[in-house]
Amino acid sequence: MNKSIRALVITFFGFFLTVEAQKFKDLAPTPPMGWNSLNYFKCDFNEQLIREVADAMSSNGMKEAGYEYIIIDDCWQAGRDEQGTIIPDPDKFPSGMKALADYIHSKGLKFGLYSDAGTKTCKGLPGSRGYEYQDARTYAAWGVDFLKYDWCHHSTQDARASYTLMRDALYAAGRPVLFSICEWGENEPWLWAPKVGHMWRTGHDIKDCFNCDLNTSSQGVMKILDQQVDLRKYAGPDAWNDPDMLEVGNPGLTLSESRAHFSLWCMLAAPLIAGNDIIHMSDEIREILTHEAVIAIDQDPLGIQAIKWLDYGDLEIWFKPLQNDEYAVCFLNRSEAPRKIDFDFNQWGRVFDPENDWKKYTFDLTYQLLNLWEEKLIGDTRSPLRATIPGHDVLLIKMSKIP
């Protein structure tokens, strides 16, 4: 191929990818919401269970609350055929992935799947390395709407190049797919991932414990929360920091801890990907996962991740600007003992944004204070806020100007 033809081909291919990329914009103007099989079911799932999950999501209030993705994680693969096409486990998915995707779509929901940038997935099943374009075409044919792309068995691969390669393969396949980058924050994805995917993991896998450090790859809710403090400037509409899925409702968290976990993920403008058994969950857990006013904090169209405003050790105060000059404030009690607060907003007067030192949020006007979980007014900023926060719990407030 001579230089002029080569240049023409490169120019055409670049134009083609640019056109296809338009289909992938605005897939996540607010943080994605859905459900993933990994946290609770591990590898113990099949097509019947996934159908039941879709039935539950469409009937238990989650769909109405904004959850839309049903995501099958690792362990769905069986191998590749002679042409290299990925094969779903025939025992788990006797009807095939296309039929399952069609069922999920019939419920008004979207279908998500898992793969890996390495030669194998984290469970040792076939990864997509060397098969990126073929897998992307297969996923498009099945009707996949969301791809979680992991980072096991990656050897000496370059992360940015590997994820960009799969992004380009998805573009070429032509079906809009929300691309979830899951390389555990090892290569500072917040610096490059906004141009590659719609969300990116910022650290270790989450586990259903409040403040534990299990091993090098699994951590509790508070440990992961601490990793998010300096990353807020990288997140925004269509590009989200992902502190990992929700453990709300799983056995290792109390009801208060689940409520605190959910509140803080909403303050972080994090993707809300439920990881519990939504088929059999309690009413209390369902009420946490579907609480309209709290979810609205996460889904606020400004897409601003919360500032860790004040830190008193076991008591932290997180601050999140919202549209219409409103604010969300979360008082987090990290200790097991109840904590009394006596907080005067006017004593502070303003909140400086550490990432934009020119910008400040002031309390010159009077704001009413709405306790979001209890859905009741608890005063305004003209008087100090006095309350008792139970151990491992939060007081989540929305501040609105008094007319």
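No lab work stands behind these numbers, since they all come straight from the coordinates. These numbers were taken from a predicted model, which means no experiment stands behind them. As a convention, Cβ positions derive from the backbone with ideal geometry for all residues, glycine included, and neighbour counts pool all protein chains shown.
CYS212's amide H: which non-local residues (gap 5+, or another chain) put their own amide H closer than 5 Å, with H modeled 1.01 Å from N in plane and none for Pro or chain starts?
Counting only residues 5 or more places away or on other chains, the set is GLY220, VAL221, MET222, LYS223.
Helix 159-173 sits at what angle to the longest principal axis of the chain, using alpha carbons and giving 0 to 90 degrees rounded to 10?
Between helix and principal axis, roughly 70 degrees.
If you stretched the chain out fully between ASP230 and GLU355, how much longer would it get, using 0.36 nm times the residue separation minus the C-alpha to C-alpha distance?
In short, 44.1 nm is gained.
How do the peptides 170-180, 148-158, 67-77 rank, highest first, by the average count of neighbouring beta carbon atoms within 10 Å per residue?
Packing proxy ranking, top to bottom: 67-77, 170-180, 148-158.
For the chain, take the longest principal axis of its alpha carbons; what is the angle in degrees between that and the long axis of helix 255-267, to the nearest 10 within 0 to 90?
80
Please list the non-local residues whose amide H lies under 5 Å from the amide H of GLU68, H modeled 1.01 Å from N, same-chain partners needing a gap of 5 or more.
MET33, GLY34
Please list 3J(HN,Hα) in residue order for the range 226-237, calculated via the Karplus relation 6.51 cos²θ - 1.76 cosθ + 1.60 where θ = phi - 60°; whole Hz, with x for glycine and proline.
So the J values, rounded to whole Hz, are 4, 6, 8, 4, 9, 9, 5, 6, 8, 9, x, x.
Check ASP393: other-chain or 5+ apart residues with amide H under 5 Å from its amide H, H built from backbone geometry?
Here the answer is ASN333, since their amide H atoms fall under 5 Å of that of ASP393.
How tilted is helix 132-142 with respect to the longest principal axis of the chain? Cα atoms for both, answer in degrees (0 to 90, nearest 10).
Helix 132-142 sits roughly 80 degrees off the main axis of the chain.
Beta carbons within 10 angstrom, averaged per residue: use that to sort the peptides 223-236, 195-208, highest first.
Ranked by mean Cβ neighbours within 10 Å, highest first: 195-208, 223-236.
In the neighborhood of CYS209, defined by Cβ-to-Cβ distances under 10 Å, what is the net charge if each Lys or Arg adds +1 and each Asp or Glu adds -1?
Net charge in that neighbourhood comes out at -2.
How far apart, in nm, are the 7 Å Cα→Cβ label points at GLN347 and SER383?
For GLN347 paired with SER383, the spin-label model returns 1.7 nm.
Just to be sure I understand the model, the point goes 7 Å from the Cα along the line to the Cβ. What's the resulting THR366 to ALA161 distance in nm?
6.3
Could you go through the range 389-403 in sequence order and give the Karplus-derived ³J(HN,Hα) for each residue, using 6.51 cos²θ - 1.76 cosθ + 1.60 with θ = phi - 60°, rounded to whole Hz, and x for Gly and Pro?
9, x, x, 6, 9, 9, 10, 10, 10, 10, 9, 10, 4, 7, x
Looking at the square roots a ≥ b ≥ c of the eigenvalues of the Cα gyration tensor of the range 307-401, which shape do they give, rounded for a/c under 1.5, prolate if a/b is larger than b/c, or oblate?
oblate
Identify all lysines with a Cα-Cα distance to LYS401 below 23 Å; exclude those on the same chain that are fewer than 8 residues away in sequence.
Partners found: LYS308, LYS320, LYS359, LYS360, LYS376.
Helix-derived [θ] at 222 nm for the chain: sum -39500 (n - 2.57) over DSSP H runs of at least 4, divide by residue count, nearest 500?
-8000 deg cm²/dmol
Under 11 Å from the Cβ of GLU316, count the other residues' Cβ atoms, weight Lys and Arg +1, Asp and Glu -1, and hand me the total.
Charge balance near GLU316 sits at 0.
Using θ = phi - 60° and the Karplus relation 6.51 cos²θ - 1.76 cosθ + 1.60, list the HN-Hα couplings for the range 244-253 in order, rounded to whole Hz, with x at every Gly or Pro.
The phi angles translate into 4, 5, 7, 9, 3, x, 8, x, x, 10 Hz.
Would you please give the FRET efficiency between ASP283 and GLU336, computed as 1/(1 + (r/R0)^6) with r the Cβ-Cβ distance and R0 = 30 Å, to the nearest 0.05?
0.75
How high is the FRET efficiency between ALA141 and GLU374 when r is their beta carbon distance and R₀ equals 51 Å, given to the nearest 0.05?
Here the calculated transfer efficiency is 0.60.
Just checking my list (1) -0.42, -0.79, -1.03; (2) -0.34, -0.68, -0.95; (3) -0.43, -0.73, -0.91 against log10 I(q)/I(0) by the Debye sum over Cα atoms at q = 0.07, 0.10, 0.12 Å⁻¹ computed from this structure; which label fits?
Recomputing log10 I(q)/I(0) by the Debye sum over Cα atoms at q = 0.07, 0.10, 0.12 Å⁻¹ here picks out (2).
Quote the FRET efficiency, to the nearest 0.05, computed for SER59 versus LEU27 with a Förster distance R0 of 22 Å and r equal to the Cβ-Cβ distance.
The calculated FRET efficiency here is 0.30.
Multiply the residue gap between GLN83 and SER95 by 0.36 nm, knock off their C-alpha separation, and tell me the result in nm, one decimal place.
That pair, GLN83 and SER95, stretches by 2.2 nm at full extension.
Want the number for TYR312 to GLU188: 0.36 nm per residue separation, take away the alpha-carbon distance, what's left?
Extending this stretch completely gives an extra 41.8 nm.
Students often check this: by mean Cβ neighbours within 10 Å, which of 275-284, 257-266 ranks highest, and how do the rest follow?
Listed from highest to lowest mean packing, they are 257-266, 275-284.
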